[in-house]
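In what follows, a structure is listed as structure tokens, so that the remarks can point back to it.
The values are calculated or read from the model by the stated rules, or taken from the named source; none is laboratory data. No experiment lies behind these values; they were computed from the predicted model shown. Cβ placement follows ideal geometry from the backbone for every residue including glycine, while neighbour counts extend to all protein chains displayed.
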Amino acid sequence: MPFYHKLGELPPVKHTTFYKPDGTSLYREELVSSKGFSGIYSTVYHHELPNSMKAYKDLKLASAELWTEAPTLYMHSDTDKHKESGNFVTARRTYLENAGCKISIAHVDEDSEIFYRNVRAAEFIFIHHGAGVLYSQFGKNPFGPGDQIVVPRGTIYRMSFEDLDQVKLVIVESDTAFEIPKHYKNDNGQMAEHAPYCERDFRPPEYTEPILEKGEYPLILKADDRYTEHTLVNHPFDVVGWDGYLYPFTFNIKNFHPKVGRIHLPPPVHLLYTTASFVVCNFVPRPFDFHEKAIPAPYFHNNIDSDEVLYYLDGDFMSRKGVVSGSLTFHPGGITHGPQPGRTEDSIGVEKTEEYALMIDTFSPLKPTTALQASLLDDYYRSWMPND
Ligand SMILES: [Fe+2]
């Protein structure tokens, strides 16, 4: 999505004859497009029909169960408290969700040959721990710690890991696309000089040879909380070439170039992506504010119409005590939050932070699930008490 990309073989003119080496049989052209035919798209050329399927069945995979009696409260979750087993699809546990956003954690400890397609949501996959390759019909996206992979809605993909000992993913689903904020681009769509990243910081898919096997290929389709398995007869990665703007892309959090102010700058300077219903931000190491009397810790704030979710990756997060790598905090909109007692004073005179964190701010209320309930640390809401 950040820019036009092409891989492999393409015919000189789209929607015209494009023959295989035998000179008589055609490659199959597939347009993968958003917003009907009006949004970004890619044109993909397959060896065989991309939708030949011989069977389907309903799958009963665990879906999120809402914590219906959840109080309105500041919450702190230890996302490593209960590690569920599973592959890159079945290990996911949703912690918070609303109609436009689902936030899940996956401790992946099983390899899998399955193919997966989320037909209702784009996916943002944060690699907290682990390394491997995401394969799709667009090629391969190698990944390692700190990588953030955006997978467009409808992409068929699978994930392969180097070592399953310690794989942890944070997955955010969105019913609309993850977009580069408009104000980061100039009128021609190029990343502006003031943006916190540029085109070179993004990694599009790399070329892989088309796989021409035939057989039975299980493809799991996720539509909200319902799962259906299609049995494909052509290997889904039989693509000889493609071009366009729609494809999985990777951006590592260490490539986010932070902005620093004379006095405290609010979270919009940490903005990574926008969707129609939430934003994703990256907090990274940076020098603190340079006014001689600056208070680097944030002031108390009440975001009256946004829920805030922070996932802590590494370092000492400046405004929160008690959080560690793997902590997730949830601050519902409409109630005030800010630094715990002592954190404001402690921040004065500090010159830099080494924190890494991921933030999701939603414009509609999030609903906690029983997975969040089961991993809660009981006393977080008391952490603003003077003597605690
Ligand atoms: Fe906040």
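A few points about this structure:
Yes/no per residue for (1) β-branched (Val, Ile, Thr); (2) in contact with a Pro (Cβ under 9 Å, 6 or more places away or on another chain):
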{"position": "GLY333", "(1), (2)": "no, yes"}
{"position": "GLY342", "(1), (2)": "no, no"}
{"position": "THR353", "(1), (2)": "yes, yes"}
{"position": "SER364", "(1), (2)": "no, no"}
{"position": "ARG382", "(1), (2)": "no, no"}
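- Given (1) within 23 Å of GLY139 (Cα to Cα); (2) free of Cβ contacts under 8 Å to residues at least 40 places away in the same chain; (3) of a type in the set (D, E, K, R), number of the condition LYS35 does not satisfy: (1)
- The set of residues in segment 279-295 being within 22 Å of GLY146 (Cβ to Cβ) and either within 16 Å of the ligand (Cβ to nearest atom) or without any contact (Cβ under 8 Å) to a residue 40 or more places away in the chain (or both) consists of VAL279, VAL280, CYS281, ASN282, PHE283.
- Meets criteria (of a type in the set (Asp, Glu) and not in a loop (DSSP other than H, G, I, E, B)) for GLU48: no
- The residues of segment 185-209 that are surrounded by 19 or more Cβ atoms within 10 Å (Cβ to Cβ) and either among the hydroxyl-bearing types (Ser, Thr, Tyr) or touching a His at 6+ places or on another chain (Cβ under 7 Å) (or both), listed by number, are PRO196, PRO204.
- So TYR217, is it at pLDDT 95 or above, of a type in the set (Phe, Trp, Tyr) and either farther than 20 Å from ASN118 by Cα or surrounded by fewer than 19 Cβ atoms within 10 Å (Cβ to Cβ) (or both): no
- Per-region count, segment 357-369, residues farther than 30 Å from LYS293 by Cβ and either within 12 Å of the ligand (Cβ to nearest atom) or free of Cβ contacts under 8 Å to residues at least 40 places away in the same chain (or both): 1
- Failed item, numbered, when ASP243 is tested on (1) in a strand (DSSP E or B); (2) surrounded by 22 or more Cβ atoms within 10 Å (Cβ to Cβ); (3) outside the structural domain of PRO205 (by TED's automatic domain parsing); (4) not basic (Lys, Arg): (2)
- Restricting attention to segment 296-337, the residues being without any contact (Cβ under 8 Å) to a residue 60 or more places away in the chain, assigned to a loop (DSSP other than H, G, I, E, B), more than 13 Å from the ligand (Cβ to nearest atom) and buried (at least 18 other Cβ atoms within 10 Å of the Cβ) number 1.
- Qualifying residue in segment 340-356 (condition: basic (Lys, Arg), assigned to a strand (DSSP E or B) and either crowded, with 18+ Cβ neighbours inside 10 Å or away from the ligand (no atom under 13 Å from the Cβ) (or both)): yes
- Among residues of segment 1-40, those that are crowded, with 18+ Cβ neighbours inside 10 Å and of a type in the set (Ser, Thr, Tyr), counted: 2
- For segment 329-388, the set of residues classified as more than 23 Å from the chain's Cα centre (by Cα), closer than 27 Å to GLU84 by Cα and among the aromatic types (Phe, Trp, Tyr) consists of TYR380, TYR381, listed by residue number.
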